[in-house]
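Enquirer: Okay, here's the structure, questions in a sec.
The values are calculated or read from the model by the stated rules, or taken from the named source; none is laboratory data. Because the structure is predicted, anything quoted here is derived from the model rather than measured. Cβ placement follows ideal geometry from the backbone for every residue including glycine, while neighbour counts extend to all protein chains displayed.
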Amino acid sequence: MNFWDKFKKEKNPFKAIDTEELFRESVRLEREEKLKTAEVEKLAQTKKALFKKGFGATEAEQRSIARNIKTTDREIKLKELNLRTISNQILTIKNVQYIHEQKKLLESVGLMGKISKMSSKDLNKFLGEINLEQKIQERGIEVINTMFDEEFGLQGEVAIDDEEMVLIDLWNAGPKDEIDEIYSQWEKEQSKNIGKLEYN
């Protein structure tokens with residue numbers, strides 16, 4: 001059983017997971033986060049290069065380039081969703097480490113009792129959304145104590161623009177000596193039309 005299977009299936013994951021296991025998983029996730037970030041940056045460079053290539057191309061070439069940009073953009077957004085998941089997992093690890101270190105303090109105010117009663121699903125969501133140590137420092141442990149009675153939800157969002165003609169019109173209308181500025185404006189317009197990506 002891997003780390004996250006154990007965390008999700010165990011009634012009390014804090015007893016089933018030791019600090020060495022937490023450290024190993026933290027190192028693995030941070031390494032994966034760096035790798036995925038580099039992949040996103042490389043795809044972003046590819047997307048910009050394709051955008052510049054559209055200026056001066058034939059209509060047939062522009063249609064092909066536009067399709068390639070859509071595909072690249074989708075890859076970027078999916079990898080960004082994956083990065084959010086990794087980020088949530090890293091935060092969960094940090095929170096579990098903090099709970100291990102501050103177990104007596106949390107027991108003294110009844111927080112450990114509430115944590116142990118939460119379903120693994122709710123606990124996973126809660127620990128993946130807040131920085132427990134930071135919140136306790138900012139707002140006090142008694143305030144955080146009440147937060148375990150609230151619901152927390154996760155929403156993934158992805159911006160996907162599949163209008164090929166928007167790109168083609170832009171390539172044909174925009175001045176070729178201002179490509180970087182045009183690209184920046186196009187990127188800003190994309191960010192205004194962010195929608196939700198439904199996935200299983």
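Enquirer: Restricting to segment 51-74, and then to whatever is over 25 Å from the mean Cα position of the chain (by Cα) and under 13 Å from residue 186 (Cβ atoms), can you tell me which residue is surrounded by the fewest Cβ atoms within 10 Å (Cβ to Cβ)?
Expert: Once the filter is applied, the top-ranked residue is 52.
Enquirer: Within the bounds of segment 146-160, is there any residue that is touching a Leu at 6+ places or on another chain (Cβ under 6 Å) and either in a helix (DSSP H, G or I) or at pLDDT 80 or above (or both)?
Expert: no
Enquirer: May I ask you to list the residues in segment 30-66 that are small (Gly, Ala, Ser) and assigned to a helix (DSSP H, G or I)?
Expert: Once the filter is applied, which keeps residues that are small (Gly, Ala, Ser) and assigned to a helix (DSSP H, G or I), segment 30-66 yields 38, 44, 49, 60, 64, 66.
Enquirer: Moving on to the next point. The conditions are (1) basic (Lys, Arg); (2) farther than 13 Å from residue 167 by Cα; (3) crowded, with 18+ Cβ neighbours inside 10 Å, and residue 28 fails exactly one of them. Which is it?
Expert: Just one mismatch for residue 28, condition (3).
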